[in-house]
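A short write-up of the structure that comes next.
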Amino acid sequence: MWVSLQAAVAVVILASICHGAEGDWPVWRHDAALTGRTALQGELRDEPAVAWSYSLTGMQGLLVMDPQKAGEASTATCDAPLGAGYLNDTARSWGVRPFVYELAAGKTLVLSESATRRVGKIHPDLPEPQQVTFTDAKERSRLTLTAWDTPDGSPRVVWSSPPGKAATERWNICFGDVDGDGIDEIVVAGHLGVMVYDPRDGKLKTECRYGHRSRGLIAVADIDGDGADEFLNVALFQIAVEVCDYADGKLRVLWGDKIELDIFAHPRMILTPFDALCDIDGDGKHEAIYNIYNDHGDEQWHLVIRDALTGDVRWDIPKTVLNDSVDLDGDGRRELVGIHTEGRFCQGFGPAFIAHLKPGGLDELWSRDAAKWPYRRVR
Ligand SMILES: [Ca+2]
Ligand SMILES: [Ca+2]
Ligand SMILES: [Ca+2]
Ligand SMILES: [Ca+2]
């Protein structure tokens, strides 16, 4: 939607002054459907002109690096996706699974993922496509597994499970073999902890309740190398970080920090990079990675990298936000892709950097002042 800012502001001010009858402006953007329409009589005589525009869509760029060139001579270009079909057309080259399935009876199924919906081979004995969803409807909330294995390609509910006590919050879902039996469980971050469900019948296998809202990011990896997955939970609302392990039939918190549970003041903020649980420095061990604002009371963002097994802080780099870490040049070592910040604002232009870690900070391989990285993964 393109609008003239001046015209929009003028209309809003005029409406608030001249059209104050009760019910005319019940919410911002006019009504509950956010149609943005006003009941005011218009008086446009000329065709509106676009004063400026800013894309609000998700964006994922293509980064091209020449590893033979260093510093300013390096090239980095970022091509914004163009057209509605861009992602489906190019998803495989990005490593993003398109979730397009050819079903029985000539049907085509297109699935997408979100914080409450995951797609893949979830039930080990059923074919893909499968989808696990959480419907957030208070007492009617359910975790549900759906398969499309019917002769006519129609969806079939394999199981639908009560989600337990954590029924009224936004959830995050991922898969991991938490108990090491060779089958991935469904790991769900809920209201007051994390629950682990059996993908075959939807039964709750175990849970870890740590007494605060865990919604945010959840990621699994075999951190201690014992063949079973641990998981990292970074809670974004009530701010907390935990790593949980499964032992003797129970989940236990390996380490955790309740950074800020008071949701009314919130002097801090926390953001996670795309891959928040990985071996970012190439030493063979996993790190837990997040960006946090004002944790030291300095009103600056810090990139914090912790030993995932112990929670020890290995790097705390001020005025820095990490977007992602990826192996750009294919040498097996991740490069850090991020931006330097000043104050609270962290999603603007530059200085953007590509770097390795070195003791105490970053070894920058490339930087550019007037550059930014797309922040959200496109799904
Ligand atoms: Ca398992
Ligand atoms: Ca493990
Ligand atoms: Ca490491
Ligand atoms: Ca590399």
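I'd like the residue in region 201-234 that is among the basic types (Lys, Arg) and under 25 Å from ASP125 (Cα atoms) and, out of all such residues, is farthest from ligand 2 (Cβ to nearest atom).
Of region 201-234, the ones among the basic types (Lys, Arg) are 203, 205, 209, 213, 215.
Adding the requirement that they be under 25 Å from ASP125 (Cα atoms) leaves 203, 205.
Working: LYS203: 22, LYS205: 16 Å.
My answer is LYS203.
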Quiz item: Which residue, of GLU342, GLU335, is acidic (Asp, Glu) and either within 23 Å of the chain's Cα centre (by Cα) or at pLDDT 95 or above (or both)?
Solution: GLU335
Quiz item: Consider PHE175 against the criteria (1) within 16 Å of ligand 1 (Cβ to nearest atom); (2) buried (at least 23 other Cβ atoms within 10 Å of the Cβ): it satisfies all of them except one. Which criterion is unmet?
Solution: (2)
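Against the condition more than 16 Å from ligand 3 (Cβ to nearest atom), out of contact with any helix residue (DSSP H, G or I) (no Cβ under 6 Å at 6 or more places or on another chain) and under 21 Å from LEU303 (Cα atoms), how does PHE264 come out, does it pass? Break it down into steps so the answer makes sense when it comes.
Values: more than 16 Å from ligand 3 (Cβ to nearest atom): yes; out of contact with any helix residue (DSSP H, G or I) (no Cβ under 6 Å at 6 or more places or on another chain): yes; under 21 Å from LEU303 (Cα atoms): no.
Criteria not met by PHE264.
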Practice problem: Being in a strand (DSSP E or B) and in contact with a Gly (Cβ under 8 Å, 6 or more places away or on another chain) is the filter; apply it to region 173-185 and report the residue that is farthest from LEU217 (Cα to Cα). | Solution: GLU185
Quiz item: So which residues in region 280-309 are of a type in the set (Lys, Arg) and surrounded by 21 or more Cβ atoms within 10 Å (Cβ to Cβ)?
Solution: ARG306
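If only one of ALA189, ALA240 is aliphatic (A, V, I, L, M), crowded, with 23+ Cβ neighbours inside 10 Å, touching a residue at least 12 places away in the same chain (Cβ under 8 Å) and more than 16 Å from ligand 1 (Cβ to nearest atom), which one is it? Can you show your working first?
Values: ALA240 fails: crowded, with 23+ Cβ neighbours inside 10 Å.
Just a single option satisfies the conditions, and that option is ALA189.
Does ASP312 qualify as being without any contact (Cβ under 8 Å) to a residue 24 or more places away in the chain, closer than 30 Å to ASP226 by Cβ, surrounded by fewer than 21 Cβ atoms within 10 Å (Cβ to Cβ) and more than 16 Å from ligand 4 (Cβ to nearest atom)? Before the answer, list the steps.
Details: without any contact (Cβ under 8 Å) to a residue 24 or more places away in the chain: yes; closer than 30 Å to ASP226 by Cβ: yes; surrounded by fewer than 21 Cβ atoms within 10 Å (Cβ to Cβ): yes; more than 16 Å from ligand 4 (Cβ to nearest atom): yes.
Against the criterion (without any contact (Cβ under 8 Å) to a residue 24 or more places away in the chain, closer than 30 Å to ASP226 by Cβ, surrounded by fewer than 21 Cβ atoms within 10 Å (Cβ to Cβ) and more than 16 Å from ligand 4 (Cβ to nearest atom)), ASP312 qualifies.
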Quiz item: When region 331-369 is examined, which residues are found to be among the polar types (S, T, N, Q) and either surrounded by fewer than 12 Cβ atoms within 10 Å (Cβ to Cβ) or within 14 Å of ligand 4 (Cβ to nearest atom) (or both)?
Solution: none
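The values are calculated or read from the model by the stated rules, or taken from the named source; none is laboratory data. All values derive from a computational prediction rather than experimental measurement. Backbone-built Cβ (ideal geometry, glycine too); neighbour counts: all protein chains shown.
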